1. Does any residue of the range 62-72 turn out to be of a type outside the set (Lys, Arg), free of Cβ contacts under 8 Å to residues at least 40 places away in the same chain and in contact with a Pro (Cβ under 9 Å, 6 or more places away or on another chain)?
2. Among the numbered criteria (1) part of a helix (DSSP H, G or I); (2) touching a residue at least 12 places away in the same chain (Cβ under 8 Å), which single criterion is violated by residue 326?
3. Of all residues in the range 233-282, how many are without any contact (Cβ under 8 Å) to a residue 60 or more places away in the chain and among the β-branched types (Val, Ile, Thr)?
4. If you check every pair at least six apart or on different chains, which have Cβ atoms under 8 Å apart with a residue in the range 164-191 that is part of a helix (DSSP H, G or I) first and a residue that is within 12 Å of the ligand (Cβ to nearest atom) and modelled with pLDDT under 95 second?
5. Considering only the range 15-60, state which residues are β-branched (Val, Ile, Thr), closer than 18 Å to residue 103 by Cα and either more than 8 Å from the ligand (Cβ to nearest atom) or assigned to a helix (DSSP H, G or I) (or both).
6. When the range 65-92 is examined, which residues are found to be among the hydrophobic types (A, V, I, L, M, F, W, C), within 13 Å of the ligand (Cβ to nearest atom) and closer than 18 Å to residue 25 by Cα?
7. Could you say whether any residue in the range 203-215 is surrounded by fewer than 17 Cβ atoms within 10 Å (Cβ to Cβ) and within 20 Å of residue 306 (Cβ to Cβ)?
Amino acid sequence: MKSRRRVEGTVGVGVIGVGLCGREHARRLGGGLPGARVVAVADADLARARAVAETLPGARALATGAEVIAAAAVDAVVVAAPGAAHEELVLAAIAAGKPVFCEKPLAPTPAACLRLVAAETAAGRRLVQVGFMRRYDAGYLALRRAVDAGEIGPPLLMHCVHRNATAPAWFTREMPITDSAAHEIDIVRWLLRDEVAEVTVIVPRRSGHAPADLPDPLVLLMRTRAGVRVDVEVFVNCQYGYEIRCEVVGETGTVSLASTADVLVRRAGRVTSPVAADWRDRFAGAYDAELAEWVRSVRCGRAAGPSCWDGYAAAAVARAACGALESGRAADVELAERPFLYE
Ligand SMILES: NC(=O)c1ccc[n+]([C@@H]2O[C@H](COP(=O)([O-])OP(=O)(O)OC[C@H]3O[C@@H](n4cnc5c(N)ncnc54)[C@H](O)[C@@H]3O)[C@@H](O)[C@H]2O)c1
């Protein structure tokens, strides 16, 4: 394995893609998060890149992601363009030897993810962290600690819910699986320390609020290699807000995420509590923590967090689920051999 490359002083970050998600990352990295500053941004929409750069002292807007990666002031790169653009950008960052934080999905297909795994393996050191931020959420961390400590005995079942108020207009038929359930797929692997072996997709009656070509809601049924059964309801036009639930059922008890509301209001004969508006609200602390860890890892030259391999494994399960959606039958998940770099 090649020697680590540390970054002395403040890490100069280049952000590629400054839409909803990239702008959030740029805001965090450009102010408040110790040890980093944003020095360059790019977006397919140059006016948007310029507008974001103006809000970040010392940052300049560049025309392309390739220019950001090549810029001397850029020590490390954030890729938050849509998934279809990730492979080319992450490959370029690896070729330049620059650490890269890539939003999920790592790439749209397992084959594309494996090309990134191969490039990183050839580089001889981990350079990529994937944006599976739920691993940094206080609730999920407590849940994992409880399972690891044996508090509920061996896990048998897991129930998950992933609801968004509304999906963007460009959401395709597969995106409830590849973009939304991708988070649950990663959490299942991380929390149970197991791999998904088989997946089925159940499509109930379509919500009248979903476009005609979007199967919404849908349910993923997964079986892990150890035989744990996992159900995930994905409902991306639920109307009322953003809600995430997770419960693990073990032999001697269950453990689940608690409500994230700070208050309960009792008024006029009712008890109410607020629901998060969207993922920025619900996972704000997790985004802070994942980027803080990324900056620390860049400074010490040792990549941490969800890896290229995790991005690949999630894509392999998502691809099998997309096949199951079309066939109506269970699909097996085949994983390639895991390179030593990710052991
Ligand atoms: N981790 C999370 O919770 C989370 C939440 C939201 C989005 N995401 C991920 O972040 C990524 C972006 O999603 P979003 O919601 O911000 O989308 P968005 O459409 O709001 O923003 C994407 C931006 O990328 C730009 N862009 C497109 N192609 C580009 C290219 N080749 N080079 C540079 N810029 C390009 C677009 O002009 C746009 O400004 C996706 O991969 C998405 O899955 C992750």
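The values are calculated or read from the model by the stated rules, or taken from the named source; none is laboratory data. From a predicted model like this one, the values you see are computed outputs, not experimental measurements. Heads up, the Cβs are rebuilt from the backbone with ideal geometry, glycines too, and the neighbour counts pull from every protein chain shown.
1. no
2. Of everything listed in (1) part of a helix (DSSP H, G or I); (2) touching a residue at least 12 places away in the same chain (Cβ under 8 Å), residue 326 misses just condition (2).
3. Residues in the range 233-282 being without any contact (Cβ under 8 Å) to a residue 60 or more places away in the chain and among the β-branched types (Val, Ile, Thr): 5 in total.
4. 178/83; 178/108; 179/83; 179/171
5. If the condition is that a residue be β-branched (Val, Ile, Thr), closer than 18 Å to residue 103 by Cα and either more than 8 Å from the ligand (Cβ to nearest atom) or assigned to a helix (DSSP H, G or I) (or both), then 15, 38, 41 are the ones that fit.
6. Scanning the range 65-92 gives 68, 69, 77, 78, 79, 80, 81, 85, 89, 90.
7. Within the range 203-215, none of the residues are surrounded by fewer than 17 Cβ atoms within 10 Å (Cβ to Cβ) and within 20 Å of residue 306 (Cβ to Cβ).
Residue-wise test of (1) over 20 Å from residue 159 (Cβ atoms); (2) at pLDDT 95 or above; (3) of a type outside the set (Phe, Trp, Tyr).
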| site | (1), (2), (3) |
| --- | --- |
| 197 | no, yes, yes |
| 202 | no, yes, yes |
| 229 | no, yes, yes |
| 239 | yes, yes, yes |
| 244 | no, yes, yes |
| 269 | yes, yes, yes |
| 285 | yes, yes, yes |
| 301 | yes, no, yes |
| 314 | no, yes, yes |
